[in-house]
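S.K.: There's a structure below that I have some questions on.
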Amino acid sequence: MPAKVILGTQWGDEGKGKFTDLMADDAELVVRFQGGNNAGHTIVFGGNTFKLHLVPSGILRKNVTSVVGNGVVIDPAAFLKELDQLAEANVETGDLKISDRAHVIMPYHKTIDGLEEVVKGNLAAGTTKRGIGPCYSDKTARFGMRMCDLMDPEEFRHKLSVAYPLKSKYIQALDGDIGQTMEEIFDEYMALAERLKPYVCDTSVLINDALDQGKNILFEGAQGTHLDIDHGVYPYGTSSSTVTGGCLIGTGLGPKRLDKVVGVVKAYTSRVGTGPFPTELFDDLGEHIADKGGEFGTTTGRRRRVGWLDLVMVEYAVRVNGLDSIVITKSDVLAGLDEIKVATHYTQDGKDVHHFPASMPDVARCVPQYHTLAGWPDLTSEEWGAIASKGRDGLPEGLKAYITFIEANLKVPVDVVSYGPGREENIYL
Ligand code: GDP
Ligand code: IMO
Ligand code: MG
């Protein structure tokens, strides 16, 4: 399967980074296609923990060229800082590529992100304040700066001279201060451009040529299906297309070139940010799952909200992404519980609801209906390791039944179950 996409099926933080690193074993290119440094992907390998935000999760593999596609938004300073941190950890980043069509996050995008969140009140998503939304807004409104503009001082100055006075006035209207003169921004970004120059190219050509040569490519999603700008919990999601379609747009790839779509499903649900969350747990059990799962945001350190697995949400992800395969993460976190609940559908005003509603007030009114299954025992890492080689047959009965239940409901095979953050901590089914 030369071209595979791996993406999140819930609200992000499903463990995409871990799986991208794992599956990058036989890939030659690993490509990010959307989002920016709002993403936080944790990879645990060789006794080290790597936290990636913009750099694709194939970076730890020597066989891989990491590519940042045109659909990504890039904060140049944040990106270079990440490269410096990787260099300090002796990770080779020299052959990384960035699309010349990717949009650039400007300082005023970050200022506007913070100010707009305040104005929005209870419509605020609880953003990462990285300037993601305002950068995508400017892209769509055609005020944006692309990497190719950043590489061209004259064009960059011209575009900045149009955007700067507008942004300055807008920020003032929100009782803020743009904080820098236009010349200061220009000088800062030109210095960053110098360092970025060697990485910038037409990545669509690179990707399509690699496929022509029969190379394996992994496309790595950030965020999750329910944060997607069209398919997510609008307006509480993010501003990019996190779904399979976004992979095509965000890389310059034709639809017939994708061979396999893999969805990552956390064994329960987590959410960092605001908005309705039907299966959210507010009790001691929720505290226990959040603590055991280490549910703190990789990017902002915020505590994640947690709840039972919601198959209404995952069904939506199966449908809009066309999932071929599912991997389940964090089965070890639910281990040791007497019973496990899974939401199979909702009821709203006395009616059954089988498909995730569009309207946020509707989602807030939905009452999850649960199927209860037996739990599975808490195993040590060695005990998990010992059963891993036996595949499905070796799984504890409760976990096997849990997976069978998920497959029967979604009609998609579960091919891998992960039982720890490490690269090797997986059971292939
Ligand atoms: P991503 O944004 O989808 O890449 O996910 P994050 O990296 O933000 O969050 C997932 C967290 O769970 C990370 O800290 C991973 O190291 C960790 N993780 C991934 N798979 C497992 C697993 O099977 N068990 C446990 N205990 N942790 C896992
Ligand atoms: P990964 O790739 C979880 C959430 C924010 C907020 C909303 C909009 O690690 O799964 P933004 O800064 O994007 O404008 O914020 O989206 N959010 C994430 N939640 N994981 C992420 O990325 C996220 N990226 C954004 O909390 O609710
Ligand atoms: Mg994350």
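S.K.: Can you name the residue in region 208-227 that is out of contact with any Phe, Trp or Tyr (no Cβ under 9 Å at 6 or more places or on another chain) and in contact (Cβ under 8 Å) with a residue 12 or more places away in the chain and, of all such residues, is nearest to V119 (Cα to Cα)?
M.R.: Only one residue fits best here, namely L218.
S.K.: If V333 meets every condition in (1) within 16 Å of ligand 1 (Cβ to nearest atom); (2) closer than 20 Å to G17 by Cα; (3) open to solvent by 40 Å² or more (accessible area, probe 1.4 Å) apart from one, which number is that one?
M.R.: The failed condition is (3).
S.K.: If you check V314 against the conditions, is it within 16 Å of ligand 3 (Cβ to nearest atom), open to solvent by less than 30 Å² (accessible area, probe 1.4 Å) and of a type outside the set (G, A, S)?
M.R.: It is false that V314 is within 16 Å of ligand 3 (Cβ to nearest atom), open to solvent by less than 30 Å² (accessible area, probe 1.4 Å) and of a type outside the set (G, A, S).
S.K.: Any residue in region 50-76 that's within 14 Å of L218 (Cα to Cα): show its pairings with residues that are among the acidic types (D, E) and part of a loop (DSSP other than H, G, I, E, B) at Cβ separation under 7 Å, as long as the two are six or more apart or on different chains.
M.R.: These pairs meet every condition: N63/E28; V64/E28; T65/E28; T65/D95.
S.K.: Return the residue satisfying two criteria in turn: it lies in region 1-17 and is closer than 19 Å to G301 by Cβ and touching a Phe, Trp or Tyr at 6+ places or on another chain (Cβ under 9 Å), and of such residues it is farthest from ligand 2 (Cβ to nearest atom).
M.R.: Applying the filter and picking the extreme gives G17.
S.K.: Continuing with this model, one more query. Condition (residue is within 16 Å of ligand 3 (Cβ to nearest atom), touching a residue at least 24 places away in the same chain (Cβ under 8 Å) and surrounded by 19 or more Cβ atoms within 10 Å (Cβ to Cβ)) applied to region 250-260: is it met by at least one residue? Spell out the reasoning first.
M.R.: Start the filter on region 250-260 by keeping residues that are within 16 Å of ligand 3 (Cβ to nearest atom), which leaves none.
Scanning region 250-260, I find no residue that is within 16 Å of ligand 3 (Cβ to nearest atom), touching a residue at least 24 places away in the same chain (Cβ under 8 Å) and surrounded by 19 or more Cβ atoms within 10 Å (Cβ to Cβ), so the answer is no.
S.K.: Which residues, counting only those in region 215-234, are more than 20 Å from S270 (Cβ to Cβ), open to solvent by 30 Å² or more (accessible area, probe 1.4 Å) and not acidic (D, E)?
M.R.: K215, N216, I229
S.K.: Just for strands (runs of 3 or more DSSP E) wholly inside region 1-81: which have at least 3 residues that are buried (at least 21 other Cβ atoms within 10 Å of the Cβ)?
M.R.: In region 1-81, the matching strands (runs of 3 or more DSSP E) lie at 3-8, 29-32, 65-68.
S.K.: Here is a further query. Tell me the strands (runs of 3 or more DSSP E) entirely within region 336-424 that contain at least 2 residues that are open to solvent by less than 40 Å² (accessible area, probe 1.4 Å) and not assigned by TED's automatic domain parsing to the domain that holds F50.
M.R.: Per the criteria, 339-348, 367-374, 414-418.
The values are calculated or read from the model by the stated rules, or taken from the named source; none is laboratory data. Computed from a predicted structure; not experimentally measured. Methodologically, a virtual Cβ is constructed for each residue, glycine included, from the backbone with ideal geometry; neighbour enumeration extends over all protein chains shown. Heads up: the accessible areas ignore ligands, DNA and RNA and are worked out on the full protein's heavy atoms, side chains in. Shrake-Rupley method; radii C 1.70, N 1.55, O 1.52, S 1.80 Å.
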